[in-house]
1. Might you let me know whether segment 34-41 holds any residue that is at positive phi and modelled with pLDDT under 95?
2. Does L105 qualify as being more than 30 Å from A18 (Cβ to Cβ) and in contact with a strand residue (DSSP E or B) (Cβ under 9 Å, 6 or more places away or on another chain)?
3. Quick test of your reading of the structure: A82 fulfils all but one of (1) of a type outside the set (S, T, Y); (2) in contact with a strand residue (DSSP E or B) (Cβ under 9 Å, 6 or more places away or on another chain); (3) closer than 23 Å to F19 by Cβ. Name the failing condition by number.
4. Inside segment 75-108, can you point out the residues that are more than 25 Å from R8 (Cβ to Cβ), not in a loop (DSSP other than H, G, I, E, B) and not charged (D, E, K, R)?
5. Taking segment 70-85, which residues are modelled with pLDDT under 90 and crowded, with 17+ Cβ neighbours inside 10 Å?
6. Select from segment 62-74 the residues that are among the hydrophobic types (A, V, I, L, M, F, W, C) and in a helix (DSSP H, G or I) and list them in ascending order.
7. Of all residues in segment 87-96, which are without any contact (Cβ under 8 Å) to a residue 12 or more places away in the chain and surrounded by 15 or more Cβ atoms within 10 Å (Cβ to Cβ)?
Amino acid sequence: MRLTTKGRYAVTAMLDLAFHSQIKPVTLTDIAARQTISLSYLEQLFARLRRADMVKGTRGPGGGYMLAGKASDINIADIIAAVDEPLDATKCGGEGNCQKDQACLTHDLWMGLSEQIRDYLKGITLAHLLERHRVQEIAKRQDMEAQQVIEIHRHPELMSHLNDLL
């Protein structure tokens, strides 16, 4: 089983959102700058997360995204599922048709692994991750590193000036 970029980025973005949206909505531009994720990719992910009722958006000045519920109610497996990322170690997608339309010799082994992974990720919520000291340290470091990038994106004249210099 391999978790693709889609699942990894969705979890990363949701954790960033959980950390930063406790006071006010967070823009995707800010998340993109802190996590070095493409803004257009984040827009696609957040459309899926919004449809799954995991985030809610606020329009206008001061707008952005917030969690739709409590961080303690949002688990990692659900985030991954919301962006259509399978948590499946089988090569048949759990269908049991891995070898000539029947289960292969190791089908039950890979199904068991898939269940273990799913159960593990279901047991971890955004709140659990936010409680980790290392997560808080990394989020603060990313804030400092990304502040310049965020300011440039917020002020088009700075972006224009930067382009002139390059």
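The values are calculated or read from the model by the stated rules, or taken from the named source; none is laboratory data. All values derive from a computational prediction rather than experimental measurement. Glycine gets a Cβ as well: all are built from the backbone with ideal geometry, and neighbour counts include every protein chain shown.
1. yes
2. Values: more than 30 Å from A18 (Cβ to Cβ): yes; in contact with a strand residue (DSSP E or B) (Cβ under 9 Å, 6 or more places away or on another chain): yes.
So L105 fits the description; yes.
3. Going through (1) of a type outside the set (S, T, Y); (2) in contact with a strand residue (DSSP E or B) (Cβ under 9 Å, 6 or more places away or on another chain); (3) closer than 23 Å to F19 by Cβ one by one, A82 breaks only (2).
4. Q99, Q102, H107
5. Pass one, segment 70-85, residues modelled with pLDDT under 90: 84-85.
If the condition is that a residue be modelled with pLDDT under 90 and crowded, with 17+ Cβ neighbours inside 10 Å, then E85 is the only one that fits.
6. As a first pass, look at segment 62-74 and keep what is among the hydrophobic types (A, V, I, L, M, F, W, C): 66-68, 71, 74.
Hit for segment 62-74 is A71, nothing else.
7. Of segment 87-96, the ones without any contact (Cβ under 8 Å) to a residue 12 or more places away in the chain are 93, 95-96.
Answer for segment 87-96, where residues must be without any contact (Cβ under 8 Å) to a residue 12 or more places away in the chain and surrounded by 15 or more Cβ atoms within 10 Å (Cβ to Cβ): just G96.
Okay, residues lined up against (1) buried (at least 22 other Cβ atoms within 10 Å of the Cβ); (2) in contact (Cβ under 8 Å) with a residue 24 or more places away in the chain; (3) more than 14 Å from L129 (Cβ to Cβ):
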{"position": "M14", "(1), (2), (3)": "yes, yes, no"}
{"position": "P25", "(1), (2), (3)": "no, yes, yes"}
{"position": "Y41", "(1), (2), (3)": "no, yes, yes"}
{"position": "L45", "(1), (2), (3)": "yes, yes, yes"}
{"position": "A68", "(1), (2), (3)": "no, no, yes"}
